[in-house]
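Peer 1: The structure is given below, and queries will be raised subsequently.
The values are calculated or read from the model by the stated rules, or taken from the named source; none is laboratory data. Given the structure is predicted, the values throughout are model-derived calculations rather than measurements. In this analysis, Cβ positions are derived from the backbone assuming ideal geometry, glycine residues included, and neighbour counts consider all displayed protein chains. Quick note on the areas: whole protein, heavy atoms, side chains included, nothing else; ligands and nucleic acids left out. Shrake-Rupley method; radii C 1.70, N 1.55, O 1.52, S 1.80 Å.
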Amino acid sequence: MQTERTIVLGAGFTGLGIATVADVPVFEAERFPGGICASYHREGFRFEIGGGHWIFGGDPLILRLFDRLVPLKFYRRRSAVFFAGGLQQTVHLRGRFVDYPLQNHLHQLGESEAQAALQSLLRAHRNGQEPVTMAEWLEKHFGEYLCELFFFPFHERYTAGLFREIAPQDPYKTPLQLEQVVAGTFGKSNSAVGYNVQFGYPANGLNVLAQKLAEPATAFFEKRAVHIDPDQKIVQFSDGSTTEYDRLVSTIPLNHLLRILGDEEQSLSEPYTSVLVLNLGVELPPSEHARHGYHWLYVPDSRTGFHRVGYYSNVDPAFLPEKYRDPQRYGSLYVEFAFRGGEKPVASVVERLMQQTAEELRDLGLIQTVLVADVTWIEVAYTWQRPGSRWVQEQRERLEKMDIFSVGRYGRWTFQGIADSFKEGLVIGGQIAALQRVPAGRAGMER
Ligand SMILES: Cc1cc2nc3c(=O)[nH]c(=O)nc-3n(C[C@H](O)[C@H](O)[C@H](O)COP(=O)(O)OP(=O)(O)OC[C@H]3O[C@@H](n4cnc5c(N)ncnc54)[C@H](O)[C@@H]3O)c2cc1C
């Protein structure tokens with residue numbers, strides 16, 4: 001029987017899923033598995049490369065597998081909108097927390113604001129026009145009032161200004177049920193909605209789970225693919241080595257894949273945003289306000305431009321070093337900023353941003369002293385598409401004809417979490433394993 005060589009690019013959770021099922025070599029650019037789901041330590045503080053990565057959703061059997069490899073702990077989400085007061089329309093709310101989701105807790109804005117927000121939301125629902133962009137989708141669902149107050153400025157920051165030109169994405173992240181909005185206007189709020197009401201996290205860190213998943217795999221690290229010759233079916237790596245393949249499964253971002261195939265023009269087609277994560281180990285001020293206990297805060301109006309502040313230590317004090325393991329006094333935070341793809345700030349700008357962010361968090365009464373600060377950069381963090389775009393579909397179909405399969409969250413240019421990425425990997429791994437059991441070269445689809 002003719003043997004075919006299938007290889008995989010990337011040992012993130014999609015690549016690890018593939019390697020769990022199929023006996024295929026995986027080539028990973030970094031020294032470690034897990035992709036953007038990787039924990040690391042600085043002076044005893046446990047941080048994550050991509051900010052807090054919590055395992056939400058997930059099929060029960062996948063969660064059991066994870067739990068067998070590294071015990072999972074489960075948490076009930078506590079999150080809120082936090083107004084920093086940096087905009088004219090939010091100055092009066094400076095320092096105020098409103099439980100997530102905002103639309104279900106309108107009474108926390110105060111009576112007259114809640115009434116105005118509700119009326120505007122109900123008016124928007126009577127508008128029959130089909131939204132085309134994300135901004136239009138937000139306005140149709142939440143109304144002008146809440147959009148001005150929160151949704152527009154938040155999405156301005158979160159999408160680095162793209163939300164007026166991209167198609168709506170992931171409505172599940174912003175749940176909306178009118179009965180709950182009305183109940184929340186009059187004080188009967190419901191927080192237990194949305195995609196991550198409960199989430200899990202490996203007791204010893206996400207990197208340990210990735211390492212356990214990678215252990216049985218045939219994985220090669222520090223193998224960054226820099227060029228693919230689709231005619232010769234050869235991948236070249238940054239260390240100068242090469243490997244041949246019959247079928248290439250890529251989990252790296254689609255635009256990067258096109259670039260290393262030499263298709264520079266196509267690789268620039270659809271927008272994406274990068275995320276700068278500022279990881280902080282801090283001493284908290286002695287106030288109730290600073291000890292709010294939320295796992296993360298959505299911020300629409302920060303002066304420095306961050307859109308989310310997460311608290312590793314409010315999820316679990318184990319993120320703190322032993323000598324500071326008192327979440328009433330110390331905290332570990334991740335602060336996220338979005339940038340348009342290709343607009344990476346230079347080191348001096350990042351340095352200034354770090355200082356200004358620490359000052360702003362101090363002014364807001366959220367931190368007292370910074371003990372440790374570290375910055376990470378996720379080049380392709382969120383992928384977007386313009387309305388009606390067929391770029392992803394066309395590129396993936398074109399690649400398939402060359403026996404290159406672009407899969408996973410970034411390969412398909414979509415949104416999904418860790419557990420679903422791993423599940424997609426398992427499905428693809430199953431397909432590869434099934435194909436490997438059947439002699440090649442019989443079907444007309446294959447060249
Ligand atoms: C800011 C942010 C926060 C998130 N928070 C959560 C969360 O809380 N919970 C959740 O479930 N999900 C979260 N996600 C989503 C989650 O990170 C993804 O679903 C998951 O990481 C996708 O895994 P992947 O393997 O498809 O991609 P990746 O993790 O990106 O893996 C791709 C791998 O390919 C490697 N690679 C890249 N280029 C090359 C190359 N040229 N050659 C070889 N290897 C290469 C990379 O190093 C990487 O290891 C978040 C995402 C972002 C951006």
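Peer 1: Would you mention how many residues in the range 229-246 are within 12 Å of the ligand (Cβ to nearest atom), outside any loop (DSSP other than H, G, I, E, B) and of a type in the set (S, T, N, Q)?
Peer 2: 2
Peer 1: Hey, can you tell me all the residues within the range 382-409 that are under 25 Å from Pro131 (Cα atoms), within 15 Å of the ligand (Cβ to nearest atom) and open to solvent by 10 Å² or more (accessible area, probe 1.4 Å)?
Peer 2: Tyr382, Val392, Arg409
Peer 1: Next up: Which of the residues that make up the range 247-287 are in a loop (DSSP other than H, G, I, E, B) and charged (D, E, K, R)? Don't jump to the end; show me each part of the working.
Peer 2: Step one: list which residues in the range 247-287 are in a loop (DSSP other than H, G, I, E, B), which gives 251-253, 261-263, 268-271, 284-287.
Those that are in a loop (DSSP other than H, G, I, E, B) and charged (D, E, K, R): Asp263, Glu270.
Peer 1: From the list Gly200, Gly281, Gly205, which one is modelled with pLDDT under 95 and open to solvent by less than 20 Å² (accessible area, probe 1.4 Å)?
Peer 2: Checking each option against the conditions leaves just Gly205.
Peer 1: Another one. Could you list, in sequence order, the residues of the range 347-368 that are among the polar types (S, T, N, Q) and either open to solvent by 60 Å² or more (accessible area, probe 1.4 Å) or within 16 Å of the ligand (Cβ to nearest atom) (or both)?
Peer 2: Just the residues of the range 347-368 that are among the polar types (S, T, N, Q), to begin with: 348, 355-357, 368.
Hits for the range 347-368 are Ser348, Gln355, Gln356, Gln368.
Peer 1: Anything in the range 100-114 that is touching a Gly at 6+ places or on another chain (Cβ under 9 Å) and open to solvent by 10 Å² or more (accessible area, probe 1.4 Å)? List them, or say none.
Peer 2: The answer is Tyr100, His107, Gln108.
Table: residues versus (1) among the charged types (D, E, K, R); (2) more than 24 Å from Ala381 (Cβ to Cβ); (3) not assigned by TED's automatic domain parsing to the domain that holds Val375.
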{"site": "Gly50", "(1), (2), (3)": "no, no, yes"}
{"site": "Leu93", "(1), (2), (3)": "no, yes, yes"}
{"site": "Leu106", "(1), (2), (3)": "no, yes, yes"}
{"site": "Glu113", "(1), (2), (3)": "yes, yes, yes"}
{"site": "Arg126", "(1), (2), (3)": "yes, yes, yes"}
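Peer 1: Related question: Of the residues that sit in the range 196-212 and are among the polar types (S, T, N, Q) and farther than 13 Å from Phe56 by Cβ, which one is farthest from the ligand (Cβ to nearest atom)?
Peer 2: The extreme case among them is Asn204.
Peer 1: A further question follows. Would you mind telling me which numbered condition in (1) open to solvent by less than 30 Å² (accessible area, probe 1.4 Å); (2) of a type outside the set (Phe, Trp, Tyr); (3) in contact with a strand residue (DSSP E or B) (Cβ under 7 Å, 6 or more places away or on another chain) Gly425 fails?
Peer 2: It is condition (3) that Gly425 fails.
Peer 1: Now, a different point. Go through the range 22-35 and count every residue that is under 21 Å from the mean Cα position of the chain (by Cα) and either buried (at least 22 other Cβ atoms within 10 Å of the Cβ) or more than 13 Å from the ligand (Cβ to nearest atom) (or both).
Peer 2: The qualifying residues number 4.
Peer 1: Quick one: in the range 115-160, of everything that is within 28 Å of Lys344 (Cα to Cα) and assigned to a loop (DSSP other than H, G, I, E, B), which residue is least open to solvent (accessible area, probe 1.4 Å)?
Peer 2: By that ranking, first place goes to Thr159.
Peer 1: Does Ser287 satisfy being more than 15 Å from the ligand (Cβ to nearest atom) and small (Gly, Ala, Ser)?
Peer 2: On the way: more than 15 Å from the ligand (Cβ to nearest atom): yes; small (Gly, Ala, Ser): yes.
Here the answer is yes, as Ser287 does meet what is asked.
Peer 1: Taking the range 161-183 as the search range and keeping residues that are modelled with pLDDT of 85 or more, outside any loop (DSSP other than H, G, I, E, B) and open to solvent by 50 Å² or more (accessible area, probe 1.4 Å), which one is nearest to Arg390 (Cα to Cα)? Step through it out loud before you land on a result.
Peer 2: Here is the first cut: in the range 161-183, the residues modelled with pLDDT of 85 or more are 161-169, 178-183.
So of that shortlist, the ones also outside any loop (DSSP other than H, G, I, E, B) come out as 162-164, 178-183.
Remaining after also requiring open to solvent by 50 Å² or more (accessible area, probe 1.4 Å): 164, 178-179, 182.
On the way: Arg164: 19, Leu178: 33, Glu179: 37, Val182: 39 Å.
Out of the qualifying residues, it is Arg164.
Peer 1: Give the residues of the range 1-21 that are part of a loop (DSSP other than H, G, I, E, B) and open to solvent by 20 Å² or more (accessible area, probe 1.4 Å), sorted by residue number. Before the answer, list the steps.
Peer 2: Here is the first cut: in the range 1-21, the residues part of a loop (DSSP other than H, G, I, E, B) are 1-5, 10-12.
Hits for the range 1-21 are Met1, Gln2, Thr3, Glu4, Arg5.
Peer 1: Given the criterion open to solvent by 10 Å² or more (accessible area, probe 1.4 Å) and at pLDDT 95 or above, identify the matching residue among Phe306, Phe339.
Peer 2: Working: Phe306 fails: open to solvent by 10 Å² or more (accessible area, probe 1.4 Å).
Going through Phe306, Phe339 in turn, the sole match is Phe339.
Peer 1: Here's another thing I want to ask about it. Go through (1) assigned to a strand (DSSP E or B); (2) at positive phi for Gly388 and report which single condition fails.
Peer 2: Result: Gly388 passes all but (1).
Peer 1: Here is a further query. With the structure loaded, tell me whether Leu297 is among the hydrophobic types (A, V, I, L, M, F, W, C), at pLDDT 95 or above, touching a helix residue (DSSP H, G or I) at 6+ places or on another chain (Cβ under 9 Å) and open to solvent by less than 10 Å² (accessible area, probe 1.4 Å) or whether it fails that test.
Peer 2: Values: among the hydrophobic types (A, V, I, L, M, F, W, C): yes; at pLDDT 95 or above: yes; touching a helix residue (DSSP H, G or I) at 6+ places or on another chain (Cβ under 9 Å): no; open to solvent by less than 10 Å² (accessible area, probe 1.4 Å): yes.
It is false that Leu297 is among the hydrophobic types (A, V, I, L, M, F, W, C), at pLDDT 95 or above, touching a helix residue (DSSP H, G or I) at 6+ places or on another chain (Cβ under 9 Å) and open to solvent by less than 10 Å² (accessible area, probe 1.4 Å).
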